[in-house]
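J.: Sharing a structure here in structure tokens format.
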Amino acid sequence: MVEKLQITTNALLICKKQTPKAYARVANIWVKVRNNEAAQKDLTRALSIDPNYAPALKLQAELYYQQRKFEKAKETYKSYLTFSEASFANRLRFAQILFRAKEYDEALVQIEELQKTDKSNLFLYRMLAYSYYEVGGLKNDTSKCRSGLIAMEYFMSRVDEKKILTSDYEYLGKLQSKFKGNDSLVISNFNKVLSLDSDKLEMYQELAKVYNKMKRFDDAANSLQIYLGTSKKTSVADYFLLGKAYYFGKKYISADSAFAIVNIKAPTYAEAYYYRGMSQGAINTALNDTLGKFCFEKYLSLININDLAVAEKIKNNIIQAYDYLGSYCYKNSAKGEERNCKTYFEKILLLEPGNKKAAEFVKTIK
């Protein structure tokens, strides 16, 4: 208490000068005792007298950074660099702020320039790797991810193990996942993240993606089940991926249940109706249940079949839907009315003239 009173007294004495320097010094005192509101008032006073006063701009940027206002921190620190020495330390801090502001492109420029001056700072390689991954993902540029992986491996091989963060294993795994032959390493790193931080539930999503790629569909489904059962940030897409993992793992009843949840949560999610129809086709091979018919009809009603570009992109799915509906219609039509089903197979032939099943059906049914 006595110390705080002394600090306050010193602050008041300094403030009598009413100069940018005095107000900035007082603001710095407030920051040290974690009185951000008082610090902001004095910084506002300092910058109102001289908007270009570098020490005040730097402290203002740091205050924004503490408050996680990273965009404001970036803009203010950029102004600070304009009116101060562009030292290595200042530029390094700017790169860190850009990174936290998720301005990965700009961060990369700064980091690469810093490394031209000094490559000894190991932690620059961490930021470099993270930034390369984020930029590579946004631009779908695997060359960035390759550079990121090189930087990450360099960092991990040289840094003190005690200074390795959970996010380092996460980014190492994500970067490895961009290239063939790394699946086992990716799984190992994602599991390492979970062993260090059980709250990183999104790792189960990442694991599911890798397992799906490896055709380990049961493992993918198990990972997604854990995620859906524990995370508060689940989405319709997660249930759809669960359904696909079950479907390709030939667990058709479980797949149908997962896609049914998607249908309820997002009634216009066309692909879910398609895969539910396919699941029903595998469950009910006798074609004596209307659920598969309903799903395929719903699917066709939700896609723009008349758009040639759309139709070409998902042609195989449309053909599967017509085939199911045509077969269902033929099996369940009253005797003498089978010809009504011919339309579905004629539509298949418009999309795929060489389809033997459709051609035979159209030829047989008069």
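Since every read-out is calculated from the coordinates, none of them should be taken as a lab result. Please read these numbers as outputs of a predicted model, since none were measured by experiment. Neighbour counts run over all protein chains shown; Cβ positions are idealised from the backbone, glycine included.
J.: Want the number for PHE179 to LYS215: 0.36 nm per residue separation, take away the alpha-carbon distance, what's left?
T.: Difference between extended and current length: 11.3 nm.
J.: Work out the charge dipole of the chain with +1 on the Cβ of Lys and Arg and -1 on the Cβ of Asp and Glu about the Cα centre, then indicate which of THR285, PHE190, ASN121 is farthest towards its positive end.
T.: ASN121
J.: Further question on the same structure: Which aspartates and glutamates have a Cα less than 12 Å from the Cα of LYS58, not counting those fewer than 8 places away in the same chain?
T.: LYS58 reaches GLU75, GLU85.
J.: Given a cut-off of under 8 Å on Cα pairs at least six residues apart, what relative contact order in percent is computed for the chain?
T.: Computed over the chain, the figure is 5 percent.
J.: Can you flag which of LYS209/LYS265; LYS315/LYS357; LYS342/LYS363 are past 18 Å Cα-Cα? Please list the in-between numbers first.
T.: Details: LYS209/LYS265 22 Å; LYS315/LYS357 16 Å; LYS342/LYS363 9 Å.
From the list (LYS209/LYS265; LYS315/LYS357; LYS342/LYS363), the Cα-Cα distance tops 18 Å for LYS209/LYS265.
J.: Over 32 Å between C-alpha atoms is what I'm after, so list which of LYS139/LYS213; LYS192/LYS298; LYS72/LYS313; LYS250/LYS331; LYS102/LYS180 land there. Walk me through the numbers before you get to the answer.
T.: On the way: LYS139/LYS213 22 Å; LYS192/LYS298 43 Å; LYS72/LYS313 44 Å; LYS250/LYS331 25 Å; LYS102/LYS180 28 Å.
From LYS139/LYS213; LYS192/LYS298; LYS72/LYS313; LYS250/LYS331; LYS102/LYS180, over 32 Å: LYS192/LYS298; LYS72/LYS313.
J.: Moving on. Taking R0 as 22 Å, what's the FRET efficiency between LEU196 and ARG34 from their Cβ-Cβ distance, rounded to 0.05?
T.: The pair LEU196/ARG34 has a calculated efficiency of 0.15.
J.: Along the positive direction of the dipole of the chain (beta-carbon charges: Lys, Arg +1; Asp, Glu -1; about the Cα centre), which of ILE29, LEU98, GLN60 reaches farthest?
T.: Going by the charge dipole, the pick is ILE29.
J.: What aspartates and glutamates does LYS232 reach when the alpha-carbon gap must be under 12 Å and sequence neighbours fewer than 8 apart in one chain are set aside?
T.: Within reach: ASP199, GLU202.
J.: Mind checking which lysines have their C-alpha under 20 Å from LYS119, skipping anything on the same chain fewer than 8 residues away?
T.: Reachable lysines: LYS144, LYS163.
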